[in-house]
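Structure record follows, encoded as structure tokens.
The values are calculated or read from the model by the stated rules, or taken from the named source; none is laboratory data. Owing to the predicted nature of the structure, the values given are computational and were not obtained by experimental measurement. For neighbour counting, all protein chains shown are included, and Cβ atoms are generated from backbone atoms with ideal geometry for every residue, glycine included.
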């Protein structure tokens with residue numbers, strides 16, 4: 001079973017949203033404190049439907065955590081893709 005999105009544009013969208021979450025302290029704090037994506041705030045910031053955000057939830061969270069962490073190898077891997 002494939003976990004990541006199959007389409008290239010879906011992968012790029014999930015990565016961009018994950019990096020947006022990591023860059024915004026308010027969104028990142030919500031993610032880390034409540035262990036859930038701030039879907040309402042994300043809906044206002046991006047032009048992606050709520051259903052797509054829910055469908056790509058795992059990918060967005062993974063990118064946000066990897067980007068905001070202190071693991072340079074993970075960050076380098078994300079920037080290669």
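List pairs: first in segment 1-22 and within 19 Å of residue 43 (Cβ to Cβ), second at pLDDT below 80 and assigned to a helix (DSSP H, G or I), Cβ under 7 Å, 6+ apart or cross-chain?
Matching pairs, first to second residue: 15/78.
If we only count helices (runs of 4 or more DSSP H) wholly inside segment 30-81, which ones have 3 or more residues that are at pLDDT 90 or above?
39-45, 50-55, 57-68
Could you look through segment 1-27, keep only residues that are closer than 21 Å to residue 76 by Cα and in contact with a helix residue (DSSP H, G or I) (Cβ under 6 Å, 6 or more places away or on another chain), and pick out the one that is modelled with the lowest pLDDT?
5
Quick check on segment 70-79. Is at least one of its residues touching a residue at least 40 places away in the same chain (Cβ under 8 Å), closer than 19 Å to residue 6 by Cα and over 11 Å from the mean Cα position of the chain (by Cα)?
yes
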